[in-house]
Amino acid sequence: GRTPFSWAAQYGNEGTVELLLERNDIDPDRANSDGRTPLSFAAEDGREGIVELLLERNGVKPDRADSDGRTPFSWAAQYGNEGTVELLL
């Protein structure tokens, strides 16, 4: 299933993401049942600020593929999120 952190990342709630990142019990790279990570969802929706926050975190794998073999980069590219694509290069 999806976590509140994953939803906050997808919908661009930077304040919530920053607050949750301060907690020790949050895994910013936790995948859902489809292998999608918060970075994947943020990249899909072009949430550049969230993508930057996640890329700064140790343990977040920007090249991690989901169960369909899709990476955050491929999600960003599919939806034309040029700024996010540049961040992920």
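The values are calculated or read from the model by the stated rules, or taken from the named source; none is laboratory data. Just so you know, these numbers come straight off a predicted model, no measurement behind them. Cβ: placed from backbone, ideal geometry, glycine included. Neighbour counts: every protein chain shown.
Provide a single number: the residues in the range 13-52 that are more than 17 Å from VAL85 (Cβ to Cβ) and either not polar (S, T, N, Q) or not in a loop (DSSP other than H, G, I, E, B) (or both).
Summing the residues that are more than 17 Å from VAL85 (Cβ to Cβ) and either not polar (S, T, N, Q) or not in a loop (DSSP other than H, G, I, E, B) (or both) in the range 13-52 gives 21.
Any residue that is under 20 Å from GLY1 (Cβ atoms) and in contact (Cβ under 8 Å) with a residue 12 or more places away in the chain - is there at least one of those in the range 73-81?
yes
For the range 49-58, what are the residues that are within 11 Å of VAL17 (Cβ to Cβ) and at pLDDT 95 or above?
GLY49, ILE50, VAL51, GLU52, LEU53, LEU54
Can you name every residue in the range 71-87 that is in contact with an Asp or Glu (Cβ under 9 Å, 6 or more places away or on another chain) and either part of a loop (DSSP other than H, G, I, E, B) or buried (at least 17 other Cβ atoms within 10 Å of the Cβ) (or both)?
THR71, PRO72, PHE73, TRP75, ALA76, TYR79, ASN81, THR84, LEU87, listed by residue number.
Are any residues in the range 1-12 part of a helix (DSSP H, G or I), under 12 Å from the mean Cα position of the chain (by Cα), more than 13 Å from TRP75 (Cβ to Cβ) and not small (Gly, Ala, Ser), and if so, which ones?
Once the filter is applied, which keeps residues that are part of a helix (DSSP H, G or I), under 12 Å from the mean Cα position of the chain (by Cα), more than 13 Å from TRP75 (Cβ to Cβ) and not small (Gly, Ala, Ser), the range 1-12 yields PHE5, TRP7.
Has the range 33-40 got at least one residue that is over 10 Å from the mean Cα position of the chain (by Cα) and surrounded by 14 or more Cβ atoms within 10 Å (Cβ to Cβ)?
Among the residues of the range 33-40, at least one is over 10 Å from the mean Cα position of the chain (by Cα) and surrounded by 14 or more Cβ atoms within 10 Å (Cβ to Cβ), which makes the answer yes.
Take GLY46 and decide whether it is at positive phi and at pLDDT 95 or above.
yes
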